[in-house]
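Reviewing the structure listed below.
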Amino acid sequence: MQPVLLTEAQRAAFDRDGFLIVRDALPAAMVERLNAAADRLYAEGVAKEGLSSRNHWQMRNCIVEDEIFLELLDCPTVFPLVVGILGWDIHLITSHLIVRPPSPPDTSVHFKGEGWHRDGGQSYWQMQEPHPRIFLKVAYMLSDQSEPGRGNTQVIPGSNRLIGPPAQAEGAPHPYGAVEICGKPGDAFLFEQRTWHAVGPNYSDITRKTLFFGYGYRWVRAMDYQTPPERLLPLCSPIRRQLLGEVKTQMGVYLPTDEDVPLRAWWKAHYQNSP
């Protein structure tokens, strides 16, 4: 499949808004396979752990749990957009499956209103503002989130360029300008770590399922593991091995050779000389 490259209009929109929606990122057959894997892991996880106090279940580092997730690592309709934004010196930061069944009927509109945040853990508190862009996430919708109120991810357009938290009226459930990202199964969206976001309640009768794949610069430590998942490396192309964190030389993270970053050659062929 020919990769779908980032356009200048998409780049400008992402720089302006801090997120970008990709319609029909995954074909129906792929969505069906991903749902089968997600449903299996969810059933096993809930049977063992139950739901959280926030009425959801999640699994980090899900990429090691089913080989179908590995196919998303360099998804041709989405990953080239990531490379267009961040460049070639990147790896996988996280793979994160989140499932949210319908919320209890009395769930307040303030649900998770206090949960508005930027990603990055301690980096948010320790970096001098204005923050640089250091990683972004791709969210793949596996359930129907085409209408608001289905546990959709909420974002504040343009908040990637803010210094400090977004303004919010006293007593309001969300900051000014908050919107829900809507889409059907197979749609995806990208958002960077500086973009303020949260999740809303799921007032529907549909269980909300979303897969998040995070990519960041290789000098940003992965969230999910200390060393690359050895079981997956033999299954991978050189580019996928880079994305899983493989490093070939001693200084390969900070002064990478072509052997450390095979994605560089791909970037040069597709982006360096593009109009």
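Here are some notes:
- Close contacts from the stretch 166-178, counting a first residue that is at pLDDT below 90 and a second that is assigned to a loop (DSSP other than H, G, I, E, B) and among the hydroxyl-bearing types (Ser, Thr, Tyr), with Cβ to Cβ under 9 Å and a gap of 6+ residues or different chains, come to Pro173/Ser108.
- Among the residues of the stretch 1-41, the ones that are closer than 27 Å to Thr195 by Cβ and of a type outside the set (A, V, I, L, M, F, W, C) come to 12 in all.
- Scanning the stretch 45-66 turns up no residue that is touching a Cys at 6+ places or on another chain (Cβ under 8 Å), surrounded by 13 or more Cβ atoms within 10 Å (Cβ to Cβ) and not polar (S, T, N, Q).
- First in the stretch 96-122 and at positive phi, second anywhere and modelled with pLDDT of 90 or more and not aromatic (Phe, Trp, Tyr), Cβ under 6 Å, 6 or more apart: Lys112/Ala198; Lys112/Val199; Gly120/Gln193
- When residues of the stretch 128-146 are limited to those that are more than 18 Å from the chain's Cα centre (by Cα) and surrounded by 13 or more Cβ atoms within 10 Å (Cβ to Cβ), the one farthest from Gln193 (Cα to Cα): Ser146
- Every residue from the stretch 128-164 that is hydrophobic (A, V, I, L, M, F, W, C) and in contact with a strand residue (DSSP E or B) (Cβ under 8 Å, 6 or more places away or on another chain): Ile134, Phe135, Leu136, Val138, Ala139, Met141, Leu142, Val155, Ile156
- Qualifying residue in the stretch 162-170 (condition: in contact with a helix residue (DSSP H, G or I) (Cβ under 8 Å, 6 or more places away or on another chain) and surrounded by fewer than 21 Cβ atoms within 10 Å (Cβ to Cβ)): yes
- Looking only at the stretch 123-155, residues that are free of Cβ contacts under 8 Å to residues at least 12 places away in the same chain and charged (D, E, K, R) come to 0 in all.
- Within the stretch 41-69, tally of residues that are aliphatic (A, V, I, L, M), part of a loop (DSSP other than H, G, I, E, B) and within 14 Å of Leu235 (Cα to Cα): 0
- Residue list for the stretch 193-233, restricted to those being β-branched (Val, Ile, Thr), in a loop (DSSP other than H, G, I, E, B) and surrounded by fewer than 21 Cβ atoms within 10 Å (Cβ to Cβ): Ile206, Thr207, Val220, Thr227
The values are calculated or read from the model by the stated rules, or taken from the named source; none is laboratory data. Here the structure is a predicted model, which is why all the values come from computation and not from measurement. Here Cβ is always computed from backbone atoms with ideal geometry, including for glycine, and neighbour counts include all displayed protein chains.
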